[in-house]
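Here, each number is a calculation from the coordinates, and none is a lab measurement. Just so it is clear, the structure is predicted and the values come from calculations on it, not from any experiment. Glycine gets a Cβ as well: all are built from the backbone with ideal geometry, and neighbour counts include every protein chain shown.
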Amino acid sequence: MAGLAGVGAETGITAADVARGVCRLFVQQGLVAIPEVPLPNGRRTDLTAIDAKGRITIVEIKVSRADLHGDGKWPDYCDWCDHFYWALASGLDPAILETPDYRPETSGLIIADRYGAAVVREAASCDLAPPRRKAELLRIGRLAMRRSMLAADPELGLG
C-alpha cells in the first residue's frame, strides 16, 4: 500500500495512521472500507467505503500542506462515488479546503489520527446512476475477494 506511506512533517502522522482512524469511524457508522482501490479512469483512491445500502464513499487522505496544495486529481474521484471526503491528519490546518477549488459545498471533511476520526463537514450526496453503482460494487467486491484470496495463499497466481 505505497499510497498510504506518506508522513506529514507538520503533524508526524502518517497516511496509514489517518486511514486507521477513518476506518475506526466508519465501523461505528456501519461502513466497511478497503484501501487503494484503482478506478476505471486510472486514478486510485486512498480509501473506498460502502454502507449497508450500497452507497460508495471515497476518501482522499492528506497529511501535509504540500500534499494538499499539490492535489489536482481529486475531482476525478467524484464520478465514482456517492460521497467524497477529505481526511486530514489532526493538526493540519483545513482552511484551504474552504476555498472554491476544493468544492466545500460538496466535499466532506474528516479530521483523524491513528486512534479515531471525526466528521467536521458532511459530504453532499451525489447519487450514482444505478448501472454505475452496480458495476462499481461488483468491481470493488471482486477486488476485496481477490486480495483476501492472495493473503491466504500468495502463490495462488491471480493476476
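Here's the yes/no breakdown for (1) in contact (Cβ under 8 Å) with a residue 60 or more places away in the chain; (2) farther than 19 Å from Gln28 by Cα; (3) of a type outside the set (Lys, Arg):
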{"residue": "Thr48", "(1), (2), (3)": "yes, no, yes"}
{"residue": "Ile58", "(1), (2), (3)": "no, no, yes"}
{"residue": "Pro75", "(1), (2), (3)": "no, yes, yes"}
{"residue": "Asp79", "(1), (2), (3)": "no, yes, yes"}
{"residue": "Asp93", "(1), (2), (3)": "no, yes, yes"}
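Quick one: is Ala123 within 19 Å of the chain's Cα centre (by Cα), within 19 Å of Thr48 (Cα to Cα) and in contact (Cβ under 8 Å) with a residue 12 or more places away in the chain? Judged against the criteria, Ala123 is a match. Would you say Arg147 is assigned to a helix (DSSP H, G or I) and either in contact with a Pro (Cβ under 9 Å, 6 or more places away or on another chain) or under 17 Å from Ala19 (Cβ atoms) (or both)? The answer is yes for Arg147. Of all the criteria given as (1) in a strand (DSSP E or B); (2) over 21 Å from Arg147 (Cα atoms), the one not satisfied by Glu105 is (1).
Give the number of residues within region 122-155 that are acidic (Asp, Glu) and within 19 Å of Arg44 (Cα to Cα). Residues meeting the conditions: 1.
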